[in-house]
1. Using a 1.4 Å probe on the heavy atoms of the protein chains only, list every residue of region B:133-174 that has 30 Å² or more less accessible area in the complete assembly than in its chain alone.
2. If you put a point 7 Å past Cα along the Cβ direction, how far is that point for A:Val110 from the same point in each other copy, in nm, smallest first?
3. Assuming 0.890 mPa s and 25 °C, estimate D for the protein assembly as shown with Stokes-Einstein, Rh taken as the Kirkwood radius over Cα pairs, in µm²/s.
4. Go ahead and set up a Gaussian network model of chain B, Cα springs under 10 Å, then flag whichever of B:Pro94, B:Pro33, B:Pro135 fluctuates most.
5. Please give me the summed charge of the neighbours of B:Glu141: other residues whose Cβ is under 13 Å from its Cβ, Lys and Arg +1, Asp and Glu -1.
6. Given the rotation relating D and B, tell me which residue in D puts its Cβ closest to the axis and the distance in Å.
7. Hey, can you list the residues from region D:101-119 whose accessible area shrinks by 10 Å² or more with all protein chains present, relative to the chain by itself (probe 1.4 Å, no ligands or nucleic acids)?
8. When only Cα pairs under 8 Å and 6 or more residues apart are kept, what is the percent relative contact order across region C:5-154?
Protein chains: 4
Amino acid sequence: MTYTSQSDATWLAPDELDAARQRLPILYIDAIPVRVDAQGAVTSVGLLLRVTGQGSITRALVSGRVLYHERIRMSLIRHLEKDLGPLALPRIPPSPTPFTIAEYFPTPGVTAFHDPRQHAVALAYVVPVEGDCEPQQDALEINWFTPDECRTETLLAEMAGGQGVLLQQGLAHLGC
Amino acid sequence: MTYTSQSDATWLAPDELDAARQRLPILYIDAIPVRVDAQGAVTSVGLLLRVTGQGSITRALVSGRVLYHERIRMSLIRHLEKDLGPLALPRIPPSPTPFTIAEYFPTPGVTAFHDPRQHAVALAYVVPVEGDCEPQQDALEINWFTPDECRTETLLAEMAGGQGVLLQQGLAHLGC
Amino acid sequence: MTYTSQSDATWLAPDELDAARQRLPILYIDAIPVRVDAQGAVTSVGLLLRVTGQGSITRALVSGRVLYHERIRMSLIRHLEKDLGPLALPRIPPSPTPFTIAEYFPTPGVTAFHDPRQHAVALAYVVPVEGDCEPQQDALEINWFTPDECRTETLLAEMAGGQGVLLQQGLAHLGC
Amino acid sequence: MTYTSQSDATWLAPDELDAARQRLPILYIDAIPVRVDAQGAVTSVGLLLRVTGQGSITRALVSGRVLYHERIRMSLIRHLEKDLGPLALPRIPPSPTPFTIAEYFPTPGVTAFHDPRQHAVALAYVVPVEGDCEPQQDALEINWFTPDECRTETLLAEMAGGQGVLLQQGLAHLGC
């Protein structure tokens, strides 16, 4: 089995997934792609730029569902390659422990995280990427921001669903 | 809403849950109940004693499914009270970060964790309990073991599905 | 040996400590005292209010040096009781792993943390306190702030040496 | 300033260091060098082989003192290059949080860690190395062991001062 050639449909038809989303918390991974210097310190954070159906700009972390019978580390690689391209060279952390858990609720305000489609629980990781990143699918660009730039109101206002909060939590974990 | 009076059936009928279990990773919490001394150091670990249908003894951690629209901390309390009784007084950790993630696969050998019913991903926590613990439901006893006793082959042989490995990981996290 | 009756002078004369401070990184603990609700979620953070020699107000975390032959958990209790009083009832976390490391340099700007007296490396912990807290020694008051209040510019401006940054890192670790 | 050309003597004369070691906890880093596969999972652990003055074999982690005005990440790189050679290419973790704290006491039995020379507190990290490792100075060899081999009694008996315990804690943190 190669993880790159599998589509979600192998595991769950779209209407079945819709039904499950009304009944079960869905397991996700959220990844903060970073560039690090020779001492391992983070120099920049990569965010995906997308344009919504309403024409507004959003910036997003790498995020996606964990599939049936898929290991967390394989899921991280699959979603990082799906969003950053096959040459991104993500360095998945050796420990499986996420730096935090983001609980996305369909009801706004229960936590800082909101997903109107579902109750999703995301395991959040910081992942250094060493290769070339190219926007894939629906992303227009991948932009790199310094940790300081990641704290500006303008940038945080462009992130949806609480991902700006998660980004701040990730930067705090990194000692930034 | 009170979390104690709700049954799983509110969210998912048994046959629907069975179907989902063949298609999606199911989110669980695993909790290691501990007694701590005045300095916060762990003095003993609580394990549930059950007798299987085949008449053999198993010892288990507190473990259970996270329900739709249920927060992780509420799920921890619900399962701890379900297994240790309403007077256990669990002290849920202030941080949501688990000490590790246990990936239970239906196929043995993929990871150290195995669950023949499903692919479950458990967020694992150590939870000090300060009150009185009484076995509930299908548990015969709750027994308390020192960290050293938790490393004996005899005890580890009585734990199933890789929970002995998870217990060792928890003790290592505690500096034992 | 009781940790409460010992003074630092037992281990190191003031001039010897001054000499060591010019030559060695000094080990510290930093503690963020918190109140938690029945689910373990943080409801408020305790900060010490002091007036400096120049008459300005500063707010501080609990912080202090680890002594020779003192365990980290004993040092945490000693400093928490020294600053919050003997009835504070701190719940030292069962795991020895700090949520972060704060590297205070005598040279400003090397890190976010600065201590003009020394190079100190602090192991940082969040510690729930369940008892009555009373200001001790040079503290005028202990004030409790909600996580949201802890993010206001006014409050952060009253914290010195980078402790405002450490407080934010602690809140991020708590999922606030 | 380059960290590789500096000797400890720049900061502290040997007799001064001896005096400080009787009075203060000394800050250390302990590093577990690992090889990882393309998914970030640990495949092997590197241990230094030394022969003691008594002719017995010991295996050791990378370990060393943090110098005055030295950042933790620089100290990690300095000690890893000192023990594994300049081509080891260590990947220092982006987060400053150690996976645990090892408290080495001069008195045996206070903790699992013992150092007859001093009270040392080590921040412990797992560090993937990607380059060529060559034994330096007093090490005869660097040997690589699978996680399973790291749990054998024979190997653990060759580690001194509690480093075998620390190695187990590191493997547990890695989910091994």
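The values are calculated or read from the model by the stated rules, or taken from the named source; none is laboratory data. Only a predicted model underlies this, so the values are computations on that prediction, with no experimental measurement involved. Cβ coordinates were reconstructed from backbone atoms using ideal geometry, including for glycine residues, and neighbour counts include every protein chain displayed. Areas reflect the complete protein model, heavy atoms only, side chains present, ligands, DNA and RNA absent. Shrake-Rupley method; radii C 1.70, N 1.55, O 1.52, S 1.80 Å.
1. So the qualifying set is B:Gln169, B:Ala172, B:His173, B:Leu174.
2. The projected label point of A:Val110 is separated from its counterparts by 2.6, 4.7, 4.8 nm.
3. D, rounded to a whole number, is 93 µm²/s.
4. Comparing B:Pro94, B:Pro33, B:Pro135 in the GNM, the peak value goes to B:Pro94.
5. -2
6. Of all Cβ atoms in D, the one closest to the rotation axis yields D:Ala172, 2.
7. In region D:101-119, residues shielded by partner chains: D:Ile101, D:Glu103, D:Phe105, D:Pro106, D:Thr107, D:Val110, D:Thr111, D:His119.
8. 31 percent
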